[in-house]
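Here's the structure we're looking at; comments come further down.
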Amino acid sequence: MVYYEAYENEKNARVREQKLKHDGNAMRELKKRVGLSQGDKSGAGFTLMELLVVLGLFAILLGAGVPITLGMYRQYSFHSERDMLVSIIAKARTQALSNVNEAPHGLAIAGGNYIIFEGADYASRVQSLDEIIPANPTITFTGSTSEITFAQLTADATGAGTLTMTSGNRTADIIVNNEGRIDW
């Protein structure tokens, strides 16, 4: 082992090194100077109690954070569903305004799906042209309408009214007036 210490010259350092090697105390002296003794365990790791305290704090933070995160996720999911439904209504309205296939277009909410249909109403639609978009199963719909049909070229709405979305304690109203304007 080579032991270096600040001495005036290299000769004195070598003499000290030989003395420590000869006495067999080199490691003991080095540990003493660095601050580690044979029975001293400080800095060697964490105690079981320290680990348990940290794990307990982590569990408390996790217990408080999960409900907050879930609430934020549910709110995001609800608002995303509302925005998607507004986009679907707008798509049906745009298809009617664009006179796609020279027919009125509309939206129906049926069987857990949003259905963009072509025809005067949902019952007399051309079923092969339906565009089916799955709805979020946690959301329920109430209100004065579950079917809206937009007239071709004018987009005047038949079945206009308020559609209320509900999920838990969240609600949102989507209003379609007789001229086909969509408010939310």
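The values are calculated or read from the model by the stated rules, or taken from the named source; none is laboratory data. Bear in mind that the values here come from a model prediction, so they are computed numbers and not experimental data. All Cβ positions, even for glycine, are placed from backbone atoms using ideal geometry, and neighbour counts span all protein chains on display.
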Take segment 134-183 and flag every residue that is within 24 Å of the chain's Cα centre (by Cα), under 30 Å from Asn101 (Cα atoms) and outside any strand (DSSP E or B). Ala135, Asn136
Please work out which one of (1) modelled with pLDDT of 95 or more; (2) farther than 13 Å from Arg82 by Cα is the condition Tyr114 fails and give its number. (2)
Condition check: among the β-branched types (Val, Ile, Thr), within 50 Å of the chain's Cα centre (by Cα) and at pLDDT 95 or above. Does Val86 satisfy that? yes
If Ala103 satisfies all but one of (1) over 17 Å from Ile174 (Cα atoms); (2) out of contact with any Gly (no Cβ under 8 Å at 6 or more places or on another chain); (3) not polar (S, T, N, Q), what's the number of the condition it fails? (2)
Collect the residues in segment 161-174 that are in contact with a Lys or Arg (Cβ under 9 Å, 6 or more places away or on another chain) and not hydroxyl-bearing (Ser, Thr, Tyr), keeping them in residue-number order. Met165, Gly168, Arg170, Ala172, Ile174
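Among the residues of segment 42-69, how many are farther than 30 Å from Lys32 by Cα and of a type in the set (Phe, Trp, Tyr)? Quick ask: steps written out before the conclusion?
Step one: filter segment 42-69 for residues farther than 30 Å from Lys32 by Cα, giving 52-69.
Right, trim to of a type in the set (Phe, Trp, Tyr) and you get 58.
Final tally of qualifying residues: 1.
What residue, of Ser124, Ser167, Ser128, is in contact (Cβ under 8 Å) with a residue 60 or more places away in the chain, surrounded by fewer than 19 Cβ atoms within 10 Å (Cβ to Cβ) and more than 19 Å from Ile182 (Cα to Cα)? Lay out the reasoning, then the answer.
On the way: Ser124 fails: in contact (Cβ under 8 Å) with a residue 60 or more places away in the chain; Ser128 fails: in contact (Cβ under 8 Å) with a residue 60 or more places away in the chain.
So the residue among Ser124, Ser167, Ser128 that is in contact (Cβ under 8 Å) with a residue 60 or more places away in the chain, surrounded by fewer than 19 Cβ atoms within 10 Å (Cβ to Cβ) and more than 19 Å from Ile182 (Cα to Cα) is Ser167.
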